[in-house]
Amino acid sequence: MGWEDALREISRTAAEHASAALTKLTVKPVTVEVLKAQVMTVQELWQSFERDGLVAGVSLPITGDIKGESLLVFDQDAAMLLCDVMLKRPSGMPRALSELEESVLKEVGNILTGSYLTVLANRLKMRLIEHVPTLSCQAFGTVLYQATERMGEQSTKALILEVHLIVNMVLVKGKLLLLLALEAVDAIVRALEAT
């Protein structure tokens, strides 16, 4: 099995775990789908995404055998839609993110990141620990810059997962980025190829 196939299998299993955890949280069926998984350098990432659009980015530091940063990103409209369906209220009303909405987004970030890191760690027989999430609502370029800055001088690659959440028949699109040092991504690819 090549590393891309192994990554797809990990993504599928992690999505099932996240679906179960979010369903328990909302008491309504939640389906998490990972449509695409790819590896890019941060420079390629900068060129591939619209940097000026406002996003809600949930960031979690990763420590253990591999160090890095997890970043779950929704554009502003998708973030509000997700909050509306998770909180079981009508959507479409313009409102700012309050403490309640911020808490919802952080919890979704915790669950999605935690599910992915748990499955990845088990597959690779590594210890990966996610930490307390923070939320930043700014332009995507700023959110990405903040996350890479926290990693210091390390050259960085990103594992990018295109994520769809279907809650009560409402589709919400986002991206989960695992920002890791180059050596960490190379180590993951080698370990996946060996499994």
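Kindly establish whether GLU130 is surrounded by fewer than 17 Cβ atoms within 10 Å (Cβ to Cβ) and either of a type in the set (Val, Ile, Thr) or under 17 Å from ALA18 (Cβ atoms) (or both). First the steps, then the outcome.
Values: surrounded by fewer than 17 Cβ atoms within 10 Å (Cβ to Cβ): no; either of a type in the set (Val, Ile, Thr) or under 17 Å from ALA18 (Cβ atoms) (or both): yes.
No; evaluated as a whole, the condition is false for this residue.
If a residue must be without any contact (Cβ under 8 Å) to a residue 60 or more places away in the chain, within 30 Å of GLU193 (Cβ to Cβ) and more than 13 Å from the chain's Cα centre (by Cα), how many such residues does the range 102-124 contain?
The total comes to 2.
Give the residues of the range 44-79 that are assigned to a strand (DSSP E or B), closer than 12 Å to THR142 by Cα and not β-branched (Val, Ile, Thr), sorted by residue number.
Answer for the range 44-79, where residues must be assigned to a strand (DSSP E or B), closer than 12 Å to THR142 by Cα and not β-branched (Val, Ile, Thr): LEU54, ALA56, GLY57.
Against the condition small (Gly, Ala, Ser), over 21 Å from ALA20 (Cβ atoms) and in contact (Cβ under 8 Å) with a residue 60 or more places away in the chain, how does ALA181 come out, does it pass?
Working: small (Gly, Ala, Ser): yes; over 21 Å from ALA20 (Cβ atoms): yes; in contact (Cβ under 8 Å) with a residue 60 or more places away in the chain: yes.
Criteria met by ALA181.
So, in the range 171-195, exactly how many residues are closer than 18 Å to VAL39 by Cα, at pLDDT 90 or above and open to solvent by 60 Å² or more (accessible area, probe 1.4 Å)?
So the count comes out to 0.
Which of the residues spanning the range 14-44 are open to solvent by less than 50 Å² (accessible area, probe 1.4 Å) and either without any contact (Cβ under 8 Å) to a residue 12 or more places away in the chain or out of contact with any strand residue (DSSP E or B) (no Cβ under 8 Å at 6 or more places or on another chain) (or both)?
ALA21, THR23, listed by residue number.
For residues that are of a type in the set (D, E, K, R) and in a helix (DSSP H, G or I), scanning just the range 133-165, find the one that is surrounded by the fewest Cβ atoms within 10 Å (Cβ to Cβ). Step through it out loud before you land on a result.
Of the residues in the range 133-165, the ones of a type in the set (D, E, K, R) are 149-150, 153, 157, 162.
Next, from what is left, pick out any that are in a helix (DSSP H, G or I): 149-150.
Details: GLU149: 10, ARG150: 13.
This residue is GLU149.
Taking the options SER115, SER91, SER59, SER11, name whichever one is closer than 15 Å to GLY174 by Cα, touching a helix residue (DSSP H, G or I) at 6+ places or on another chain (Cβ under 6 Å) and either open to solvent by 50 Å² or more (accessible area, probe 1.4 Å) or of a type in the set (S, T, N, Q) (or both).
Values: SER115 fails: closer than 15 Å to GLY174 by Cα; SER91 fails: closer than 15 Å to GLY174 by Cα; SER11 fails: touching a helix residue (DSSP H, G or I) at 6+ places or on another chain (Cβ under 6 Å).
It is SER59.
Looking only at the range 45-56, filter to residues that are open to solvent by 40 Å² or more (accessible area, probe 1.4 Å) and in contact (Cβ under 8 Å) with a residue 40 or more places away in the chain; which one of those is nearest to ASP75 (Cα to Cα)?
Looking only at the range 45-56, we keep the residues that are open to solvent by 40 Å² or more (accessible area, probe 1.4 Å), and these are 46-52, 54.
Subset that is in contact (Cβ under 8 Å) with a residue 40 or more places away in the chain: 46, 49-52, 54.
On the way: TRP46: 16, PHE49: 12, GLU50: 10, ARG51: 11, ASP52: 11, LEU54: 6 Å.
The qualifying residue nearest to ASP75 (Cα to Cα) is LEU54.
Tell me the residue from ASN168, ASN122 that is open to solvent by 20 Å² or more (accessible area, probe 1.4 Å) and within 17 Å of MET80 (Cβ to Cβ), please. Walk me through it before giving the result.
Numbers: ASN122 fails: within 17 Å of MET80 (Cβ to Cβ).
Within the list ASN168, ASN122, the selection yields ASN168.
Just checking, does the range 80-101 include any residue being hydroxyl-bearing (Ser, Thr, Tyr), over 15 Å from the mean Cα position of the chain (by Cα) and in a loop (DSSP other than H, G, I, E, B)?
Just the residues of the range 80-101 that are hydroxyl-bearing (Ser, Thr, Tyr), to begin with: 91, 98.
Filter once more, keeping what is over 15 Å from the mean Cα position of the chain (by Cα): 91, 98.
Those left that are additionally in a loop (DSSP other than H, G, I, E, B): 91, 98.
Scanning the range 80-101 turns up at least one residue that is hydroxyl-bearing (Ser, Thr, Tyr), over 15 Å from the mean Cα position of the chain (by Cα) and in a loop (DSSP other than H, G, I, E, B).
All but one of (1) more than 30 Å from ARG190 (Cβ to Cβ); (2) in contact with a strand residue (DSSP E or B) (Cβ under 9 Å, 6 or more places away or on another chain); (3) hydroxyl-bearing (Ser, Thr, Tyr) hold for SER48; state the number of the condition that does not hold.
Going through the list (1) more than 30 Å from ARG190 (Cβ to Cβ); (2) in contact with a strand residue (DSSP E or B) (Cβ under 9 Å, 6 or more places away or on another chain); (3) hydroxyl-bearing (Ser, Thr, Tyr), SER48 breaks only (1).
Which one is least open to solvent (accessible area, probe 1.4 Å), of the residues in the range 62-72 that are among the charged types (D, E, K, R) and within 25 Å of GLU16 (Cβ to Cβ)? Even if it seems obvious, please write down each step before you answer.
Quick first cut of the range 62-72, residues among the charged types (D, E, K, R) only: 65, 67, 69.
With the extra rule that they be within 25 Å of GLU16 (Cβ to Cβ), the set shrinks to 65, 69.
Working: ASP65: 96, GLU69: 8 Å².
By that ranking, first place goes to GLU69.
The values are calculated or read from the model by the stated rules, or taken from the named source; none is laboratory data. Predicted model only: the values in this text are computed from it and were never measured. When we count neighbours, we look across all protein chains shown, and the Cβ atoms used for this are built from the backbone with ideal geometry, even at glycine. Surface accessibility is based on the protein's heavy atoms, side chains included, excluding ligands, DNA and RNA. Shrake-Rupley method; radii C 1.70, N 1.55, O 1.52, S 1.80 Å.
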